[in-house]
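The values are calculated or read from the model by the stated rules, or taken from the named source; none is laboratory data. These figures come from a predicted structure and were not determined experimentally. Cβ coordinates were reconstructed from backbone atoms using ideal geometry, including for glycine residues, and neighbour counts include every protein chain displayed. What goes into the accessible areas is simple: the full protein's heavy atoms, side chains included, and nothing from ligands, DNA or RNA. Shrake-Rupley method; radii C 1.70, N 1.55, O 1.52, S 1.80 Å.
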Amino acid sequence: MLKVLIICKNLSIVKTITNKVICDLKELQIVGIANEFNEAKEIITEREPDLIITTLSGILEFLENNINFYTPKVIIISKSEETYTDHKSMLVLNFNLNFKTMSKYILKFIQEDISDSKKDLAMSILLNLGFNFKLMGTTYLLDSILYATTYKGYYTFDKLKRDIYSYVAIINKTDSDKVKWSIDRSIKYMYSKHSKDSYNVVEKYFGIKYPKKPTPKLIISVIANYLI
């Protein structure tokens, strides 16, 4: 979920943005509302919003001059003639767009950031567990975890090979049997690098005790549910 700060001088517009746009996007959580930049600076410093939605055109200059410890994404709702302008960290939307269309553009804009955040976190967990990304099976395992999050709990791990490995095989131009074999090999490698004393990190994540080895099903399900 992305933390959102709204910066707008018009309270009526703030209400409209909140009720008609943000409330329809479960990925967003409002952490502050400001009507000018000085007020916004305090909120940004304290809460570090991932996304700033504003009607004020000076937002980029303000961030460049005042915020140097991180870079939030920015959505500017503008009265300019451009209907939709999408840059890496900025989205410009025309104020006259209908709210359904506005929500669609915002969702598309933030999904890439959400996806990148999930990938970074999943990689961090796998590395912490002792997986080696020099092995192709670890990459397949990462792809499996990220794909599993798209189901949001509505798929069955009992059909792991059909539901997930087949997808991972397609995006990596291989076959499901190769994906399964490689993931099993990667898990065996991770397991072999641990001693009884170092296995506590595995036990913490998966609720198992040494010398039990986690299965692909357990690893994918636990980490995927953690990311959702």
Q: Among residues belonging to segment 147-170 that are touching a Lys or Arg at 6+ places or on another chain (Cβ under 8 Å), at pLDDT below 90 and crowded, with 18+ Cβ neighbours inside 10 Å, point out the one that is nearest to PRO211 (Cα to Cα).
A: LEU160
Q. Name the pairs: first residue in segment 94-118 and of a type in the set (A, V, I, L, M, F, W, C), second residue surrounded by 13 or more Cβ atoms within 10 Å (Cβ to Cβ) and in a helix (DSSP H, G or I), Cβ to Cβ under 7 Å, at least 6 apart or on different chains?
A. PHE99/LYS20
Q.
If I ask for residues that are in contact with a helix residue (DSSP H, G or I) (Cβ under 9 Å, 6 or more places away or on another chain), open to solvent by 30 Å² or more (accessible area, probe 1.4 Å) and in a loop (DSSP other than H, G, I, E, B), which ones from segment 183-203 would you list?
A. HIS194
**Q.** Criterion violated by THR85 - all others in (1) modelled with pLDDT of 80 or more; (2) over 20 Å from the mean Cα position of the chain (by Cα) satisfied
**A.** (1)
Q) If you take the residues of segment 93-136 that are assigned to a loop (DSSP other than H, G, I, E, B) and more than 30 Å from TYR189 (Cα to Cα), which of them is farthest from the chain's Cα centre (by Cα)? A) ASN96
Q: Name the residue, out of LYS173, LYS180, that is assigned to a helix (DSSP H, G or I), open to solvent by 40 Å² or more (accessible area, probe 1.4 Å) and modelled with pLDDT of 90 or more.
A: LYS180
Q: Note down all Cβ pairs under 9 Å where the first residue falls in segment 1-22 and is over 14 Å from LEU107 (Cα atoms) and modelled with pLDDT of 90 or more, the second is basic (Lys, Arg) and open to solvent by 30 Å² or more (accessible area, probe 1.4 Å), and they're at least six residues apart or on different chains.
A: LEU5/ARG47
Q) Looking at segment 1-92, what strands (runs of 3 or more DSSP E) fall wholly within it and have at least 3 residues that are in contact with a strand residue (DSSP E or B) (Cβ under 7 Å, 6 or more places away or on another chain), of a type in the set (Val, Ile, Thr) and open to solvent by less than 50 Å² (accessible area, probe 1.4 Å)? A) 2-7, 51-54, 73-78
Q) Which of (1) of a type in the set (A, V, I, L, M); (2) closer than 30 Å to GLU27 by Cβ; (3) modelled with pLDDT of 95 or more is the odd one out, the single condition ILE187 does not satisfy? A) (2)
Q. Could you say whether any residue in segment 54-62 is at pLDDT below 90, closer than 21 Å to LYS100 by Cα and not aliphatic (A, V, I, L, M)?
A. no
**Q.** Scope segment 209-225; condition out of contact with any helix residue (DSSP H, G or I) (no Cβ under 7 Å at 6 or more places or on another chain), exposed (fewer than 15 other Cβ atoms within 10 Å of the Cβ) and either under 19 Å from VAL168 (Cβ atoms) or of a type in the set (A, V, I, L, M) (or both); matching residues
**A.** ASN225
